[in-house]
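*Asks:* The structure under discussion is supplied below as structure tokens; questions concerning it will follow.
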Amino acid sequence: MLENLSDRFNKVFKYLKGEVKITEENIEKALKEIKLSLLEADVNFRVVKEFIGKIKEEALGAKVQESLNPYQQIIKIVRHELESILGSGVSDLNKTSEKPAVIMLTGLQGTGKTTSAGKLAHFLKEKGKSSVLCSFDLKRMAAGEQLKTIADQIGVNFFESEYKDPKKIAKNLLTKSKELGYDYVIADTAGRLHIDEDLMKELVLVKSILNPVETIFVADSMTGQDAVNSALSFSKEIGIDSVLLTKIDSDTRGGAALSIVKVAGKPIKFIGTGEKYSDFQQFFPDRIASKILGMGDVLTLIEKAEKEFDENESQKMAKRMMRNEFTLDDFLSQLKQIQKLGSVSDIMGMMPNMGIPANRNVEADDKKITHTIAIINSMNRTEKERPKIINGKRRSRIAKGSGRTVQEVNQLLKQYFEMKKFMKKPFFRKMLQKFDFSSKMG
């Protein structure tokens with residue numbers, strides 16, 4: 001969602017890069033462009049004013065003007081101020097010595113609150129923490145049914161009570177959760193299309209009963225300043241501890257992410273980055289700032305790879321490469337591992353801007369990987385292990401079986417044989433030797 005903002009910032013920095021030194025005149029011109037790009041992104045005007053003022057003050061300071069590389073100094077200043085807007089470092093969930101810790105999710109209807117409850121439970125499950133989901137929407141029965149379905153899909157427990165009174169439900173929930181030793185209780189609450197007095201009364205009641213260790217406001221990134229204003233209202237009326245931003249992967253202006261911390265005075269702790277339950281991350285201000293400035297988010301990519309890749313399989317693959325035994329089956333395995341990281345556009349979004357055109361057809365790259373997998377799957381075992389035997393007749397059969405063209409089959413085989421040559425090169429073999437093999441190779 002921050003792609004357009006990133007493009008605008010990079011244009012400003014390219015302009016400054018061409019300047020011999022930073023002056024009041026050229027910094028004014030650059031800041032005007034930054035100001036326009038932030039306002040177009042629906043960033044709160046007070047936040048923009050403060051942001052621009054601080055950059056100007058720092059940029060015209062003696063340290064920058066006397067610097068050997070004022071361009072790099074400007075980027076450093078902008079990055080620091082972006083991080084300041086987004087929050088001071090990563091924030092964990094509030095801690096308590098007692099179990100279970102109750103987390104209460106609040107927000108308006110349609111922000112993705114119920115789905116976020118499931119995503120948070122999935123996130124905690126991957127961290128080795130147990131949780132139980134429960135619905136405290138006192139009027140909409142379908143909310144509980146939806147949450148139960150989500151709990152079943154991600155493999156966590158759902159608490160269902162025969163009581164209708166919220167005090168009895170809470171007492172029963174906390175007693176059972178403590179007996180079963182759950183680490184967390186995640187409570188989904190009622191929402192409306194807009195803030196009203198009845199909603200706030202209901203949420204205040206539920207909060208007083210549950211006494212949560214953390215109350216999280218769930219905000220829809222697509223609603224921009226409306227999300228910021230709602231967060232402020234919820235904070236005043238019921239009290240919130242943090243923010244969870246949903247739909248941050250959407251094609252939206254992004255003003256909520258750059259305004260909500262400063263305006264509401266609460267940290268963003270989590271972001272929803274897609275439709276899957278695994279598309280959920282802790283919020284790292286420095287990483288978002290890096291993405292806006294075209295520096296990518298390599299740390300998140302590495303963490304995603306560590307989580308998705310099979311370490312044992314990677315070790316075996318490296319050994320096979322060292323022995324020059326890399327087959328098309330191995331190539332297929334690598335492609336499937338890459339697919340686990342997400343689409344090519346997701347991966348490219350985490351990489352630093354290295355001059356790759358913004359209009360690059362990443363959708364075509366995603367399809368190409370799918371087509372390559374189909375071609376390899378259309379081969380028999382012998383052909384995968386000994387691709388050199390694939391003659392014209394076999395190529396026609398493979399193309400027909402995969403629904404691709406003979407030309408695509410030829411391109412795949414050419415790519416494979418070039419990879420095999422590359423793997424024989426000394427520097428590549430030296431790089432593979434850095435793997436910590438558990439046993440010596442024969």
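*Asks:* Could you please find all residues in region 386-400 being exposed (fewer than 14 other Cβ atoms within 10 Å of the Cβ) and assigned to a helix (DSSP H, G or I)? Outline the logic, then answer.
*Replies:* At the first step, the residues of region 386-400 found to be exposed (fewer than 14 other Cβ atoms within 10 Å of the Cβ) are 386, 388-389, 391-393, 396, 400.
Lys388, Ile389, Gly392, Lys393, Ser396, Lys400 - these are the residues of region 386-400 that are exposed (fewer than 14 other Cβ atoms within 10 Å of the Cβ) and assigned to a helix (DSSP H, G or I).
*Asks:* So in region 120-140, with the set limited to residues that are more than 12 Å from Ala151 (Cβ to Cβ) and in contact with a Gly (Cβ under 8 Å, 6 or more places away or on another chain), which one is surrounded by the most Cβ atoms within 10 Å (Cβ to Cβ)?
*Replies:* Step by step, filter region 120-140, then rank; the result is Asp137.
*Asks:* Evaluate region 86-101: report whether one residue or more is modelled with pLDDT of 90 or more and either hydroxyl-bearing (Ser, Thr, Tyr) or more than 24 Å from the chain's Cα centre (by Cα) (or both).
*Replies:* Yes: one or more hits.
*Asks:* Taking Lys148 and the conditions (1) in contact (Cβ under 8 Å) with a residue 40 or more places away in the chain; (2) in contact with a Phe, Trp or Tyr (Cβ under 9 Å, 6 or more places away or on another chain); (3) not aliphatic (A, V, I, L, M), which numbered condition does it fall short on, given that it satisfies the others?
*Replies:* Failed condition: (1).
*Asks:* Residues that are within 16 Å of the chain's Cα centre (by Cα) and surrounded by fewer than 22 Cβ atoms within 10 Å (Cβ to Cβ): list the helices (runs of 4 or more DSSP H) wholly contained in region 208-292 that include at least 3 such residues. Spell out the reasoning first.
*Replies:* Working: elements: 225-237, 255-264, 285-292.
Ranges flagged: 285-292.
*Asks:* Of all the residues that make up region 141-152, how many are out of contact with any strand residue (DSSP E or B) (no Cβ under 6 Å at 6 or more places or on another chain), surrounded by 12 or more Cβ atoms within 10 Å (Cβ to Cβ) and among the aliphatic types (A, V, I, L, M)?
*Replies:* 1
*Asks:* While we're on this one: Among the candidates Lys139, Lys148, which residue alone is assigned to a helix (DSSP H, G or I) and among the basic types (Lys, Arg)?
*Replies:* Working: Lys139 fails: assigned to a helix (DSSP H, G or I).
Exactly one residue qualifies, and that residue is Lys148.
*Asks:* Now a separate question. Evaluate the following for Glu197: is it open to solvent by 50 Å² or more (accessible area, probe 1.4 Å) and either closer than 18 Å to Ala117 by Cα or among the polar types (S, T, N, Q) (or both)?
*Replies:* Numbers: open to solvent by 50 Å² or more (accessible area, probe 1.4 Å): yes; either closer than 18 Å to Ala117 by Cα or among the polar types (S, T, N, Q) (or both): no.
So Glu197 fails the test.
*Asks:* Sticking with this one: Does Ile338 count as aliphatic (A, V, I, L, M) and modelled with pLDDT of 80 or more? Steps first, please.
*Replies:* Values: aliphatic (A, V, I, L, M): yes; modelled with pLDDT of 80 or more: no.
No.
*Asks:* Taking region 185-194 on its own, how many of its residues are buried (at least 23 other Cβ atoms within 10 Å of the Cβ) and either among the basic types (Lys, Arg) or within 15 Å of Val156 (Cβ to Cβ) (or both)? Spell out how you get there, then give the answer.
*Replies:* Going residue by residue through region 185-194, those that are buried (at least 23 other Cβ atoms within 10 Å of the Cβ) are 185-189.
Among the residues that remain, those that are also either among the basic types (Lys, Arg) or within 15 Å of Val156 (Cβ to Cβ) (or both) are: 185-188.
Residues in region 185-194 being buried (at least 23 other Cβ atoms within 10 Å of the Cβ) and either among the basic types (Lys, Arg) or within 15 Å of Val156 (Cβ to Cβ) (or both): 4 in total.
*Asks:* With respect to Glu179, determine if the residue is surrounded by fewer than 22 Cβ atoms within 10 Å (Cβ to Cβ), at pLDDT below 90 and either farther than 20 Å from Phe270 by Cβ or touching a Lys or Arg at 6+ places or on another chain (Cβ under 9 Å) (or both).
*Replies:* Details: surrounded by fewer than 22 Cβ atoms within 10 Å (Cβ to Cβ): yes; at pLDDT below 90: no; either farther than 20 Å from Phe270 by Cβ or touching a Lys or Arg at 6+ places or on another chain (Cβ under 9 Å) (or both): yes.
Against the criterion (surrounded by fewer than 22 Cβ atoms within 10 Å (Cβ to Cβ), at pLDDT below 90 and either farther than 20 Å from Phe270 by Cβ or touching a Lys or Arg at 6+ places or on another chain (Cβ under 9 Å) (or both)), Glu179 does not qualify.
*Asks:* Please go through region 102-119 and give me each residue that is open to solvent by less than 10 Å² (accessible area, probe 1.4 Å) and modelled with pLDDT under 90, ordered by number.
*Replies:* none
*Asks:* What is the residue count in region 119-174 for residues that are over 17 Å from Ile216 (Cβ atoms), polar (S, T, N, Q) and under 26 Å from the mean Cα position of the chain (by Cα)?
*Replies:* Residues meeting the conditions: 5.
*Asks:* Right, next: Of all residues in region 2-33, how many are touching a Phe, Trp or Tyr at 6+ places or on another chain (Cβ under 9 Å), among the aliphatic types (A, V, I, L, M) and either over 19 Å from Lys54 (Cα atoms) or not in a helix (DSSP H, G or I) (or both)?
*Replies:* Final tally of qualifying residues: 1.
The values are calculated or read from the model by the stated rules, or taken from the named source; none is laboratory data. As the structure is a prediction and not an experimental result, all values here were calculated from the model. For neighbour counting, all protein chains shown are included, and Cβ atoms are generated from backbone atoms with ideal geometry for every residue, glycine included. Heavy atoms of the whole protein, side chains included, go into the accessibility calculation; ligands, DNA and RNA do not. Shrake-Rupley method; radii C 1.70, N 1.55, O 1.52, S 1.80 Å.
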